[in-house]
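Some notes on the structure that comes next.
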């Protein structure tokens, strides 16, 4: 009986280890999300209908956050004049929950991707109808760009270690602020 129990235990261990799941390692560029208004993700905690309505999402950006790791980012790691996915891994996605205007172009509510060509004094930002891509490799600028805008660069007040995107309210909607290393841009979005 002892041999049978030992053999059963051994078989169970072998079978269970055969089917054990190996989870992928943590990505070096974790995924994050930014909302406008900034507290939209927490609207479920609103105490009144007025607070809940004020926190209704208007824009959401999902992106991966590459790290600086002591490198010079713009002009070195990300060459000036070259296309960039505005982040790491999958293409950065932006969702407009209602119609919006970027660079004077009206966009219907929906999901899009973001790309940029950074230069030292300005970036050209592209809103694309391409979806579910990895990086900028499949981005067909001439075929899928639905809006574009050139915005001036600014210096950040301190070094931004991990790429960050957030929103600030503006008179006509919101500014999407993209910053990394010692550089940032403000992309005006009218709503």
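The values are calculated or read from the model by the stated rules, or taken from the named source; none is laboratory data. In this text the structure is predicted, and so the values were computed from the model without any measurement. For neighbour counting, all protein chains shown are included, and Cβ atoms are generated from backbone atoms with ideal geometry for every residue, glycine included.
Just a few scattered comments:
- Sub-6 Å Cβ pairs linking a first residue in the range 85-99 that is at positive phi and buried (at least 16 other Cβ atoms within 10 Å of the Cβ) to a second residue that is modelled with pLDDT under 95 and assigned to a loop (DSSP other than H, G, I, E, B), at least 6 apart or interchain, are 89/29, ordered by first then second residue.
- Residue tally, condition assigned to a strand (DSSP E or B) and surrounded by fewer than 19 Cβ atoms within 10 Å (Cβ to Cβ), over the range 125-144: 1
- On the stretch given as the range 145-173, residues that are over 26 Å from residue 68 (Cβ atoms) and in a strand (DSSP E or B) total 7.
- Matching residues in the range 78-98 - criterion: being over 16 Å from the mean Cα position of the chain (by Cα) and not in a loop (DSSP other than H, G, I, E, B): 78
- Test: residue in the range 103-113 that is within 16 Å of the chain's Cα centre (by Cα), surrounded by 13 or more Cβ atoms within 10 Å (Cβ to Cβ) and touching a residue at least 40 places away in the same chain (Cβ under 8 Å): no
- Residue in the range 54-77 that is closer than 30 Å to residue 109 by Cα, in a strand (DSSP E or B) and touching a helix residue (DSSP H, G or I) at 6+ places or on another chain (Cβ under 9 Å) present: yes
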